[in-house]
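Okay, structure first, notes after.
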Amino acid sequence: MVQDETLYIGTAEGELLALDAVSGETLWKFVLLGEEDERAIYAPTAVTEDALFVGGYDGRLYVLSLEGDLLWQGSLGGEVVGGPTVVGDLVLVSDSSGALTAFDIEERVPEWLLLSRWIFSTGDKVWSSPAVAEGVVYIGSLDHNVYAVNLSNGSEVWRFPTGGGVTASPLVVKGRVYVGAFDGVFYALDAATGAEVWRFDGADSWYWTHAIADNDTLYAPSLDGNLYALELTTGRLKWTMETEGPIVGSPVIVFDMIAVPSADGKLWIANLRDGTSVNVCNVGEEIRTTLVERDGVVYFGARDRSIRAISITSAGQRSEKWVYFTDRDDPLPMNRAVDC
Amino acid sequence: METIAAIWNALIIGPMINGLVLLYSIFFDNFGLSIIGFTIIVRGVMMPLTVKQSKQMKSMGALSPRLKEIQQRYSKDRQRASQETMKLYKTAGVNPLGCLGPMFVQFPIWIGLYQSILRILPAQPESLVGLSKHLYPWLPMVNGAIPIDRTFLGLDLAVPNPVILPILVGVSMWAMQKMTMMPAADSRQESTNRMMLWMMPLMFGFFTTSFPSGLAMYWIASNVVGIVIQGFVTGWDPLLNLVNLVKPGRGQQQVATAAAAEPEKETPDDGRDRDEGKDGGRGDRNRAKGARRRTRRGRNRRR
């Protein structure tokens, strides 16, 4: 998440970093309270005007000030993998106990206090981030279901059974919910009723992360290494872009291109129109994080404990802006001899 | 090295993971039953080898008195004793190393199963992503079965159980050792047997404290199946004698009878031999008959 030129990003070592988005310099660092091997941050951070909300694999929800001070923390029923979502005075967070909890932000002065308003339980771990639209929360569960839950009271509106676990966050666009599952099927559901509108079953592996949409096209990344461009209304396959490894993190749209992270160690940049490759940035280390984009700069983490900023021009040219290693304090200088 | 890893994954890990997950979906989404079913299939595939091993042991048992005779006759010439022993094995069509076959086949299965369990029941989300590349896309059932429920009878199959399972592994392995123990030809071999009878269960019991419970489940199920196979091929006497369901010595009649076909001399250390018990199997026709007579008398006494 980038806000006011600050990049907030969590690491597998359980650190939440605030980096200067322009230079890559460390502004502050907050280490989660759990044991060293149990405090990874998988979830994206939710940012409001005065606080950050972070879910940790140590099973805690943290509220931090924008300066990195701990304001509140509370234990949940299980490890957090999907990110918290803030809607008005509610914070929604899912965890590995299968629960989706809605916290009321009761007081902010002098101390923060979060009290649960309702808890919605599913049959297995919930690793997807909640998506909210029109007063309804949409969530996927490893119990193979996609749920629609009433935002105000936590009651179930509908559930849709897929053929596999669901870790991807649902995408809600124009009254439809789009989500892929472990059965290799991508589903389009009616947001009001949960009825299936169309399905695409062309993938050879699971959908792990969420899809993105642009105008009339949906871009669905799969662990089979392909990015599928589907017609939003019908699910018809428009084109497929192949990478050389599983796609674990979600892509982003940059100008009229799409940047796709792959576990093959490359950042693939393709034309939105037909999926033809425009450029490839070879990081050489697995990229498993969802990309974040701001003003033509793409931010992501790689397996070598690095956080990278790659600048992409409207013509598809890319250059490494900075790289920060989480086990060092300073970013490496730019213009290094790397293939990216 | 990467090529070896790729071959290992393609030939062992891939089929094992897909097999276990497929069994999981067949056995009502129960991974414990999946492992037990997998064990039965593995033991079924290895059945010809196991039966061959059991028959070899049975033959070895029949040769025991003659081996003793050789040991005694050439007690001062070890080389000759060794030559005569090999000659006897050859004549009888017995290969003493053949008994080790199933054990060697089991090693890659143990290693593969250990790796497969950890991949199927990952501790971290990124490990679950890694599982996806092992699942066959043409087998939709396996992809739909993920994630796997890791509990069975209150046990977490992905982590070690420090108390119950080590005991069960140890006890079942001890019983298995008891059933498959090679007949001793001399006191040295007897002490080796006795050491193996306790060493293996203790060793595997100790291993169990640090290996996933799922692997321990495999060892237990494998031992139980092995005991059953051995029981049907060579008889249940080693175990039945333990619980005193039959009179001690009855189990050795078979050996004694086989031995009775050969002219033998009485040996001084017979009484200490596990396979001959107190009464029978001295490798002597008369003593063997005597053993049978005493057994009958024992029966009469009970009446």
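Working carefully through the options B:Lys58, B:Lys90, B:Lys52, B:Lys68, find the one that is farther than 24 Å from B:Lys178 by Cβ, among the basic types (Lys, Arg) and not in a loop (DSSP other than H, G, I, E, B).
Only one candidate passes the filter, namely B:Lys90.
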*Please find, within region A:154-168, the residue that is nearest to the chain's Cα centre (by Cα) out of those that are within 14 Å of chain B (Cβ to nearest Cβ) and of a type outside the set (A, V, I, L, M).*
A:Thr167
*Could you tell me whether any residue of region A:114-131 is more than 14 Å from chain B (Cβ to nearest Cβ), in a loop (DSSP other than H, G, I, E, B) and at pLDDT below 95?*
no
*Filter region A:200-216 down to residues that are within 14 Å of another protein chain (Cβ to nearest Cβ) and not aliphatic (A, V, I, L, M) and give me whichever is surrounded by the fewest Cβ atoms within 10 Å (Cβ to Cβ).*
A:Asp201
_Residue, nearest to the chain's Cα centre (by Cα), within region A:29-84, restricted to residues that are away from chain B (no Cβ under 14 Å) and of a type in the set (Val, Ile, Thr)_ = A:Thr45
*Given A:Val81, A:Val63, which one is in contact with a helix residue (DSSP H, G or I) (Cβ under 8 Å, 6 or more places away or on another chain) and buried (at least 23 other Cβ atoms within 10 Å of the Cβ)?*
A:Val81
*All but one of (1) part of a loop (DSSP other than H, G, I, E, B); (2) β-branched (Val, Ile, Thr); (3) away from chain B (no Cβ under 14 Å) hold for A:Val248, so report the exception by its number.*
(3)
*Does region A:279-292 include one or more residues that are free of Cβ contacts under 8 Å to residues at least 60 places away in the same chain, exposed (fewer than 15 other Cβ atoms within 10 Å of the Cβ), in a strand (DSSP E or B) and not hydroxyl-bearing (Ser, Thr, Tyr)?*
yes
*Does any residue of region A:232-244 turn out to be of a type outside the set (Lys, Arg) and free of Cβ contacts under 8 Å to residues at least 12 places away in the same chain?*
no
*asked:* Out of the residues in region A:174-191 meeting the condition of being farther than 21 Å from A:Leu223 by Cα and of a type in the set (Gly, Ala, Ser), tell me which one is surrounded by the most Cβ atoms within 10 Å (Cβ to Cβ).
replied: A:Ala191
*asked:* Let me confirm something: among B:Pro201, B:Pro147, B:Pro137, which residue is surrounded by 18 or more Cβ atoms within 10 Å (Cβ to Cβ) and part of a loop (DSSP other than H, G, I, E, B)?
replied: B:Pro147
_Cβ-Cβ distance below 6 Å, separation of 6 or more or different chains: which pairs start in region A:173-189 with a residue that is under 19 Å from B:Val142 (Cα atoms) and end on one that is outside any loop (DSSP other than H, G, I, E, B) and of a type in the set (A, V, I, L, M, F, W, C)?_
A:Gly180/A:Phe186; A:Gly180/A:Ala220; A:Phe186/A:Phe200; A:Phe186/A:Ala220
*Of B:Leu113, B:Leu131, B:Leu165, which residue is within 14 Å of chain A (Cβ to nearest Cβ), at pLDDT 90 or above, assigned to a helix (DSSP H, G or I) and under 23 Å from B:Val42 (Cα atoms)?*
B:Leu131
*If you scan region B:109-167, which residues turn out to be under 26 Å from B:Ile7 (Cα atoms), in contact (Cβ under 8 Å) with a residue 12 or more places away in the chain and of a type in the set (Phe, Trp, Tyr)?*
B:Trp110, B:Tyr114, B:Tyr136
*Being within 14 Å of another protein chain (Cβ to nearest Cβ) and either closer than 30 Å to A:Ala302 by Cα or under 23 Å from the mean Cα position of the chain (by Cα) (or both), is that true of even one residue in region B:57-73?*
no
_Taking the criterion of being within 30 Å of A:Lys266 (Cα to Cα), touching a helix residue (DSSP H, G or I) at 6+ places or on another chain (Cβ under 6 Å) and within 14 Å of another protein chain (Cβ to nearest Cβ), would at least one residue in region A:225-245 satisfy it?_
no
*Restricting the search to region B:134-151, which residues are closer than 19 Å to B:Pro212 by Cβ and more than 9 Å from chain A (Cβ to nearest Cβ)?*
B:His134, B:Ile148, B:Arg150, B:Thr151
*Go through (1) without any contact (Cβ under 8 Å) to a residue 40 or more places away in the chain; (2) outside any strand (DSSP E or B); (3) more than 14 Å from chain B (Cβ to nearest Cβ) and name the single condition A:Gly194 misses.*
(1)
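The values are calculated or read from the model by the stated rules, or taken from the named source; none is laboratory data. If you're wondering where the values come from, they're calculated on a predicted model, not measured in any experiment. With ideal geometry, Cβ positions are generated from the backbone for all residues, glycine too; neighbour counts draw on all protein chains shown.
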